[in-house]
Every structure is written in C-alpha cells, then in structure tokens.
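A.B. asks: Structure below; questions to follow.
The values are calculated or read from the model by the stated rules, or taken from the named source; none is laboratory data. Just so it is clear, the structure is predicted and the values come from calculations on it, not from any experiment. Cβ atoms come from the backbone with ideal geometry, glycine included; neighbour counts cover every protein chain shown.
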Amino acid sequence: MRFWCDRCGNLSVLKGPAWLPALLALCALGASLAALQAALQLLPEQADVAVLIGFATFLAAWAALTRMGNRYAPETSP
C-alpha cells in the first residue's frame, strides 16, 4: 500500500515486517476480550453494555496500536 505524505509531498510505504498488522490485530483482540470478560463480571445482567465496552476497547486498542506500530519509509521507484 502506498500513502501520500502531506509533510513532504511524496508517496510513502509501510516499513516493517508483513506480519506486524496481524500481530497488532491479535493484541487489540486480546485487549477487547479481557475488557469484555471484566465487564461481564462487573455487569452480569447487562451483557449488551459489556459487548459495547468490549467493542469500544477493540477500536481504541486498534487505533492506538496501529498508530504506535506503523512506520513509514519513502517509496523507491524501480
């Protein structure tokens, strides 16, 4: 995938191993499952609220992990 960099005005690509996005997704999933389990223990009668808490945790963890984990490099033309 190529991304446009507003700062330098050039195309850039993700730098790093190809397995990194999958690892970040697994970490976000683990965080959301832990939050879901904790919410179910705290609110056993309100499973719908617990699911919303788990989903919000997944979104927040995914956004934070991808922001911290992604590194970009200038695209080299062949």
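A.B. asks: Of PRO74, PRO21, which residue is touching a residue at least 12 places away in the same chain (Cβ under 8 Å) and loosely packed, with under 13 Cβ neighbours inside 10 Å?
C.D. replies: PRO74
A.B. asks: If you don't mind, there's one more thing I want to ask. Of the conditions (1) more than 11 Å from the chain's Cα centre (by Cα); (2) of a type in the set (A, V, I, L, M, F, W, C); (3) at pLDDT 95 or above, ALA60 satisfies every one except a single condition; which number is it?
C.D. replies: With (1) more than 11 Å from the chain's Cα centre (by Cα); (2) of a type in the set (A, V, I, L, M, F, W, C); (3) at pLDDT 95 or above applied to ALA60, the lone miss is (1).
A.B. asks: What do you reckon, is ALA47 loosely packed, with under 14 Cβ neighbours inside 10 Å, within 24 Å of LEU11 (Cβ to Cβ), of a type in the set (Gly, Ala, Ser) and without any contact (Cβ under 8 Å) to a residue 12 or more places away in the chain?
C.D. replies: Here the answer is no, as ALA47 does not meet what is asked.
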